[in-house]
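The values are calculated or read from the model by the stated rules, or taken from the named source; none is laboratory data. Just so it is clear, the model here is predicted, and its values are computed rather than measured. All Cβ positions, glycine included, derive from the backbone under ideal geometry; neighbour counts span all protein chains shown. Note: accessible area is taken over every heavy atom of the protein model, side chains too, but ligands, DNA and RNA are not part of it. Shrake-Rupley method; radii C 1.70, N 1.55, O 1.52, S 1.80 Å.
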Amino acid sequence: MSMREFEQYLKASDFFADTMNAHRAATAEVIAGFATVLKRRGQMTDVEMNELLRRLEDSTGRPSVDGSRRNLAARIGDSLKGRG
């Protein structure tokens, strides 16, 4: 199996997709938790957090990496909104 075929196999795998989504969700929760603590302590502002999230969305020139970064930024943002 070539690397390209293997990549296509992984992309089509429900198990792999579920694992990646669970990992992204857990990572986002941890980052949002730290950001909330920093905000409560006055060590991070909303503007600073928004800038960090925006920078995660900057292109790296690698589509698969960019997609993962955008997905993580969106999940962190959603988690922060849910925390009020």
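Below, the figures for the structure above:
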{"item": "Flag for A25 being closer than 15 Å to R83 by Cα, touching a Leu at 6+ places or on another chain (Cβ under 8 Å), modelled with pLDDT under 95 and open to solvent by less than 60 Å² (accessible area, probe 1.4 Å)", "result": "no"}
{"item": "Close pairs from segment 65-84: first farther than 16 Å from R55 by Cα, partner open to solvent by 50 Å² or more (accessible area, probe 1.4 Å) and acidic (D, E), Cβ under 8 Å, at least 6 apart", "result": "S79/E29"}
{"item": "Hits in segment 59-84 - residues which are of a type in the set (V, I, T) and either more than 14 Å from the chain's Cα centre (by Cα) or more than 20 Å from M44 (Cβ to Cβ) (or both)", "result": "T60, V65"}
{"item": "When residues of segment 34-46 are limited to those that are without any contact (Cβ under 8 Å) to a residue 40 or more places away in the chain and closer than 20 Å to R70 by Cα, the one nearest to the chain's Cα centre (by Cα)", "result": "F34"}
{"item": "Subset tally (residues that are within 18 Å of N71 (Cβ to Cβ) and either open to solvent by 90 Å² or more (accessible area, probe 1.4 Å) or under 12 Å from the mean Cα position of the chain (by Cα) (or both)) for segment 47-58", "result": "7"}
{"item": "Conditions (1) under 13 Å from A25 (Cα atoms); (2) open to solvent by less than 70 Å² (accessible area, probe 1.4 Å); (3) not basic (K, R); number of the one not met by G61", "result": "(1)"}
{"item": "Which numbered condition D66 misses (of (1) in contact with a helix residue (DSSP H, G or I) (Cβ under 8 Å, 6 or more places away or on another chain); (2) surrounded by 14 or more Cβ atoms within 10 Å (Cβ to Cβ))", "result": "(1)"}
